[in-house]
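Here, each number is a calculation from the coordinates, and none is a lab measurement. Because the structure is predicted, anything quoted here is derived from the model rather than measured. Note that each Cβ is placed from the backbone with ideal geometry, even for glycine, and that neighbours are counted across all protein chains shown.
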């Protein structure tokens, strides 16, 4: 993968799967700023204002049962529940037609 790639996650098992199974390289950040992602291909979850600064954002889709949500997953659990990667491009557009914010 491109050296223009940044992985944004706090989950070590996910990083391992992304590197071993998908060939992603590059730095891993637990938290990102606009400067960290500007013009880069990001793998992970970002708020929309940061996603708009990135070249693209690749979401890792996990289909987790309720009992695994909010828990640290093992590499095997990540592989078992990973349903795919989807890449998006997010663009900031001017707000139109909404008028000023009410007082």
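General remarks:
- Mean separation of Cα contacts under 8 Å (6+ apart) over length of segment 5-88, as relative contact order %: 30 percent
- Axis angle, to the nearest 10 degrees, between helix 12-22 and the longest C-alpha principal axis of the chain: 80 degrees.
- The helix-based estimate of mean residue ellipticity at 222 nm for the chain, built from -39,500 (n - 2.57) per DSSP H run of four or more residues and divided by its residue count, is -6000 deg cm²/dmol to the nearest 500.
- Sorted ascending by nearby beta carbons within 10 Å, beginning with the fewest, 40, 71 become 71, 40.
- Estimated translational diffusion coefficient (Stokes-Einstein, Kirkwood radius over Cα pairs, 20 °C, 1.002 mPa s) of segment 16-63: 189 µm² per second.
- Isotropically averaged projected area of segment 35-96, using the convex hull of Cα atoms (one quarter of hull area), nm²: 5.7 nm²
- In plain terms, the residue of 45, 37, 15 with the fewest other Cβ atoms within 10 Å comes first and the most crowded comes last, giving 45, 15, 37.
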